[in-house]
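None of the figures in this text is laboratory data; all of them are computed from the coordinates on show. Worth saying up front: this structure is predicted, and the values here are computed from it rather than measured. In this analysis, Cβ positions are derived from the backbone assuming ideal geometry, glycine residues included, and neighbour counts consider all displayed protein chains.
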Amino acid sequence: MNKSPTPNPARSELAQPATGAPAETVNTAHLVDQLTLDLQVHQIELEMQNEALRLTQLELTASRDRYVDLYDHAPVGYLSLGVDGLIVEANLTGAALLGIERSRLVGGRFVHRVAKLDEQRWHRYAVALARDGGETHRIELQMTGAGGVSFHARIDGMRVAAAGQRPAMRITLINIDEHKRAEAELRLAAVAFETQEGIMITDAQGVIERVNAAFTRITGYSAQEAIGQRGDLMNSGLQDAAFYEVMWAHLKTKGRWQGEVWNRRKSGEVYPQWLAITEVSCDGEAPLRYVGTMVDITERKAREEEIAQLAFYDPLTDLPNRRLMKDRLQQALVAGGRSKREGALMFIDLDRFKEINDTLGHDKGDQLLQRAALRLVACVREGDTVARIGGDEFVVMLPPGLSESPEESAVLAEAIADKILTSMREPYVVDGLVLHVSASIGITLFGDQPTSVEELLKRADLAMYQAKGAGRDTLRFFDAAAQDSLRARSLIEADLRVALAQGQLIMNYQPVFNVAGKMIGAEALVRWQHPQRGLLLPDDFVGVAEDSGLIFPLGQWALDAACAQLALWRDDAVLGQLNLAVNVCAMQLLDHDFVAQVLAVVQRHGVNPARLKFELTESVLLHDVDDTIAKMRELKSHGVGFSLDDFGTGYSSLAYLKRLPLDQLKIDRSFVRDMLNKPHDAAIVRTIVELGVSLGLTVVAEGVETRSQCEVLAHLGCQGFQGRLFGMPMSPDELRVLANSEPPVKAFPQD
């Protein structure tokens, strides 16, 4: 309610009529007062209206400011374009996306902000927009942003018209780079999910949620059949509960497990599979899912078995060959040392077999050997090993477990040997011919004293010759007093200690060439300039060094000499590019300081470790494989390379071979020597080359003596060659001359 205005006392006094004044005067005064009052009321109302207008104006201004803020800072760019394509209005977001100040953006042509490759598409879009009236059109273009950096943009536009103006357009602009990347990642993930490897995703409880097509191809289970089932749907039962307990314990600790398992297809077929399981969790919380990738390794296992059969079994009798026998004997020596129980090794030679073979022919001789092998197997116990090591020579190993008493062990071994002698005396019928042969058997016990495989074979062989000397068809036990070589080994050990102290060792280098006839490396080979016996080769003393522990100072000397030579070659244009290989035995790798010692020598001589390569034999896999691999990987991280020497002469697991951080495989000279006339050796060489290539390794052949061997090896894919044809081990000066001369063998074709 409006208050009545307070009368002005002065005005009121003037307005009082004088006593006795006329009535008109009184009415006029009253009218003036009334008008004054009305005027005051209208003035107040006007002021109130003005205040209301002011408040409304403030609200409008605030609303406009809010709109401008929303417009300028919207998450999308807004631009208005005239019919001539000029930008007439833009918000701050649009200016920021295009990398230019708004004041400079407005008035410019929008097409100048479009990448060159999309200009024509923009023109077609603008024409369609002008033609289709108020409909909204969308397009994705590549735009040029701040600093000339392009980005993908999604544009939504429509034509607008203002009174008295020609049609124009208004567009929204959004940077969709992240969206594009996400789409690409989704496409990549989709492609990866449909890889050749089977993929199975389970929830935290192991229930299958998703599988890919490769899973179905491998297991036979469709997605509909697998989803909702547990992941152990395919368990074959060949691995026991303990295996899976260890697997899950490792998975929970490490978050990842991989290994070889035997699973069962839907058809019931049991097959080998390489399985990798990865735990999926969020910030270290409990697992959300498990992702398993699987590869059917049936063909690889068959290939492994083929290689093992070729390399470790005698093709005539299917018995283990010398290589496999030596490996099993090495394992038996280790087991005997732990159990303190005796084992026995028998060396068996068929008496007068050579006469039958020479007179009746090799075909009948081979049949006789096959029948003799069957008789030997029938005479021994389960767990014993019968091997054919060459010609008419067989070996029988009775593993540790006979007895803790050498006397009792000898009695048990003699009983089995007598059974063999009796069986061998029985007539053989070969192609209608009745043949008679007997056997001479040498026996040595092992387990009570440390010894080596080669030493045991020598003892059994010596005992066998004693049996032959006693008239054949009998057995003899090894007599230590009859073996002069033991004393000779003791002399070698003593002399070797002197040689290390007095500098009697020298280093020779055998070159390695590639298929182009270029020298690419050399192998460092130790020689011993013995003051009385002359130049000794490694076979004369390395075995003694390993048995006596002298292999450690000998290996340290070889490494130091090799690195010193690399330092001398460092600035040579040719020799400075060579890789130098140094032989390292399993015992050296077992030394916990091996890595530190190697790095110290490399640093002391200031050589590039990438020029150094260690040649290992498969015996490194008979010991702590994980520790060996860890040391190899540490050295490899510094650039040191690794080669597996004499490949095919040991008994390494191909599963372990794949884990070794190798660079090179070397084919043993025994296979190369006879590969041109023995299909068995040729098959082994071909298999080794194919295996090396499949593992991404360089393959080098040792013992190459003829160009024909080179050509066959090159045709198979062999990349390196070492042997008499290219140069025997030589002094550093001779190697320098050879490196700067015409190659001994020109380049030859390689498929």
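Exposure proxy shown here: for 386, 712, the number of other Cβ atoms within 10 Å sets the order, fewest to most, as 712, 386. Remark: C-alpha extents of the range 94-142 on the principal axes read 32, 25, 16 Å, sorted largest to smallest. Between residue 36 and residue 570, the contour length at 0.36 nm per residue exceeds the alpha carbon distance by 180.6 nm.
Count neighbours as other Cβ atoms within 10 Å of each site's Cβ, and list the GluC sites (Glu not before Pro) in the range 66-130 that are DSSP loop with at most 16 such neighbours.
101
Note on residue 205 and residue 426: their simple-model spin labels are 6.3 nm apart, each label 7 Å out from Cα toward Cβ.
Within the set [x] 206; [y] 192; [z] 367, the number that volume of the Cα convex hull per residue in Å³ takes when calculated for this structure is listed as [z]. Each of 247, 714, 273 was scored by the projection of its Cα onto the charge dipole of the chain, and the greatest displacement toward the positive side belongs to 714; charges sit on the C-beta of Lys, Arg, Asp and Glu. Phi angles across the range 630-637 convert, under the Karplus curve 6.51 cos²θ - 1.76 cosθ + 1.60 with θ = phi - 60°, into 3J(HN,Hα) values of 4, 5, 4, 5, 5, 5, 5, 5 Hz, Gly and Pro given as x.
Taking amide H as placed 1.01 Å from N in the peptide plane, the amide H of residue 210 sits under 5 Å from that of 201, each at least 5 places away or on another chain.
Listed values for the range 516-524 are Karplus-derived 3J(HN,Hα) couplings in whole Hz (6.51 cos²θ - 1.76 cosθ + 1.60, θ = phi - 60°), namely 7, x, 9, 6, 10, x, 8, 10, 7, and x replaces Gly and Pro. Put simply, the amide H of residue 638, placed in the peptide plane, has no neighbours under 5 Å, leaving out anything fewer than 5 places away on its chain.
What FRET efficiency would be calculated for the residue pair residue 557, residue 454, taking the C-beta separation as r and a Förster radius of 25 Å, to the nearest 0.05? Taking R0 as 25 Å, the efficiency between residue 557 and residue 454 is 0.60. Here the calculated FRET efficiency for residue 182 and residue 256, from their Cβ-Cβ distance with R0 = 22 Å, stands at 0.25, rounded to the nearest 0.05. The angle between the Cα long axis of helix 707-716 and the longest principal axis of the Cα atoms of the chain comes to about 40 degrees, rounded to the nearest 10.
For the listed residue pairs 458/631; 458/658; 116/180; 468/678; 301/458, the alpha carbons are over 25 angstrom apart in 458/631; 458/658; 468/678; 301/458. Computed from backbone phi with θ = phi - 60° and the Karplus coefficients 6.51, -1.76 and 1.60, the 3J(HN,Hα) list for the range 407-413 is 5, 5, 4, 5, 5, 5, 5 Hz; x is used for glycine and proline.
Tell me, 248, 557 in order of fewest to most beta-carbon neighbours within 10 Å?
248, 557
Across the chain, where is the longest run that never hits trypsin sites (Lys or Arg not before Pro) in a DSSP loop with at most 16 other C-beta atoms within 10 Å? Longest gap between qualifying sites, sites excluded: 4-264.
Rounded to the nearest 10 degrees, the angle from helix 23-72 to the longest Cα principal axis of the chain is 20 degrees. Let me see the P(r) profile for the range 425-474: every Cα-Cα distance counted, bins of 5 Å, each bin given as a percent of all pairs. The percentages, shortest bin first, are 5, 19, 18, 15, 13, 13, 8, 6, 3, 1.
For the range 302-460, just say rounded, prolate or oblate: build the C-alpha gyration tensor, square-root its eigenvalues into a ≥ b ≥ c, call rounded for a/c under 1.5, and beyond that prolate if a/b exceeds b/c, oblate if not. Oblate.
With neighbours defined as other Cβ atoms within 10 Å of a residue's Cβ, the residues 271, 509 order from fewest to most as 271, 509. Here the simple spin-label model places points 7 Å from the Cα toward Cβ, and for residue 626 and residue 659 these points are separated by 0.8 nm.
Here, the range 491-740 is characterised by an Rg to Rh ratio of 0.95, where Rg is the alpha-carbon radius of gyration and Rh the Kirkwood radius.
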